[in-house]
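Structure first, commentary second.
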């Protein structure tokens, strides 16, 4: 089973990337050491597809008889809040979970963020295992230890850095994803090609149709490639003091779009797609990026498929949200902009006139680039 080792301040952990990995989850959890109970946190829709298989796998892997319990909660972005954290942690108290408990997050990015923060907070920290079931979670959000929930004022404003003890990324679970959710994850894959890996970018240009068909060979190649990129970045900058900012490419505007529409119009990757298009245009407008490479980036984003429109959203709405972003400093919005394929800069302060003008023109400019 291909295994990628990630080093963190909380200790090294493995990301297992292989088809059939879910069936081996029990053995993987058992290797982490003794536990007084395994608590699987998931959403009803994910549990319907994969809950039974995971329970069977965990039952096979137990060294001695320990309870295995499931707890389900709403995994919508609108429910990613402190009330859900209270709900989960109170359920853990009532279930008798102690400091030797093992918390397993089975689901996509919202499940991983919420359960990760609950595990970091409950009894000041209990063992955490991620079993990501979406593409964006497998290549991005389950790796690196970021956890958190939203406030009405913005996305992921309350959270903690809390690395898991194991990540099990099984590509087979992606087969049950609705196509829109699967495409949403592909935008994060595109991000990795732009920020760090021209070879990955070229592969995506050649094989996007295969990936959209969920071709197993192509999917395994890009998943492993993305995990290795993120493993390298977070090992060098675990707490986002410098290099890790490159992973925010497209996320500054993307998070603002999600918050402005109350997390109801865009899936996460769709908002990030708009953010990447805007950041590419900013790079072009400021002379950081050549036109030819900007067009390639925008065409690749467009090749993943359509995204919800920006209709009715004004730049003035986004300005206070952007200023309140956790990456802002003193109210200054700091952007991640591309210089060339595989290379971006972070911490860039842009004049608001450029941001607002580009946002107003973004739909037409994006459509022109993708024709």
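Values quoted throughout were computed directly from the atomic coordinates according to the rules given, and no laboratory measurement underlies them. In this text the structure is predicted, and so the values were computed from the model without any measurement. In this analysis, Cβ positions are derived from the backbone assuming ideal geometry, glycine residues included, and neighbour counts consider all displayed protein chains.
Take the Cα radius of gyration of the chain and divide it by 2.2 N^0.38 Å, N being the number of residues; the result is 0.96.
Where the eigenvalues come from the Cα gyration tensor of the stretch 82-210, what are the semi-axes √(5λ) of the equivalent ellipsoid, largest first, in whole Å?
Working through the eigenvalues yields semi-axes of 30, 15, 13 Å.
How big is the equivalent ellipsoid of the stretch 290-371 along its three axes, where each semi-axis is √(5λ) from the Cα gyration tensor, reported in whole Å from largest to smallest? Present the calculation step by step, with values, prior to reporting the outcome.
Numbers: eigenvalues 108, 65, 24 Å².
Here the semi-axes work out to 23, 18, 11 Å.
Determine by what factor the alpha-carbon radius of gyration of the stretch 10-111 differs from 2.2 N^0.38 Å, reporting the quotient.
Working: Rg = 13.8 Å, N = 102, 2.2 N^0.38 = 12.8 Å.
My calculation over the Cα atoms of the stretch 10-111 gives 1.08.
Give, in nm to one decimal, the length gained when the segment between residue 314 and residue 243 is fully stretched (0.36 nm per residue of separation minus the Cα-Cα distance). Don't skip to the answer; put the middle values down first.
On the way: separation 71, 0.36 × 71 = 25.56 nm, distance 3.12 nm.
Stretched fully, the residue 314-residue 243 segment lengthens by 22.4 nm.
With respect to the chain, whose longest principal axis is taken over its alpha-carbon atoms, helix 291-303 is tilted by about 50°.
For the stretch 136-258, the direction-averaged projected area of the alpha-carbon convex hull comes to 8.0 nm². Peptides 238-245, 125-132 ranked from most to least packed give 125-132, 238-245, packing being the mean of other C-beta atoms within 10 angstrom over each peptide's residues. Computed from label points 7 Å out along Cα-Cβ, the spacing between residue 216 and residue 290 is 4.0 nm. Restricted to Cα atoms, the stretch 147-190 shows a radius of gyration and a Dmax of 14.3, 37 angstrom. Pairs of Cα atoms in the stretch 264-322 fall into 10 Å distance bins, from 0 up to the last occupied one, in shares of 20, 47, 30, 2 percent.
Using the 10 angstrom Cβ neighbour count as an exposure proxy, how do 175, 200 rank, fewest first? List each step's numbers first, then the result.
Details: 175 11, 200 23.
In increasing order of surrounding Cβ atoms, one gets 175, 200.
A simple spin-label model places pseudo-atoms 7 Å from Cα toward Cβ; at residue 357 and residue 176 they are separated by 5.1 nm. Viscosity 0.890 mPa s, temperature 25 °C: Stokes-Einstein D of the stretch 179-369 from its Kirkwood Cα radius, in µm² per second? Taking Rh from Cα pairs, D becomes 147 µm²/s. Annotation: the stretch 3-176 has a Kirkwood hydrodynamic radius of 15.7 angstrom, from the mean reciprocal C-alpha pair distance.
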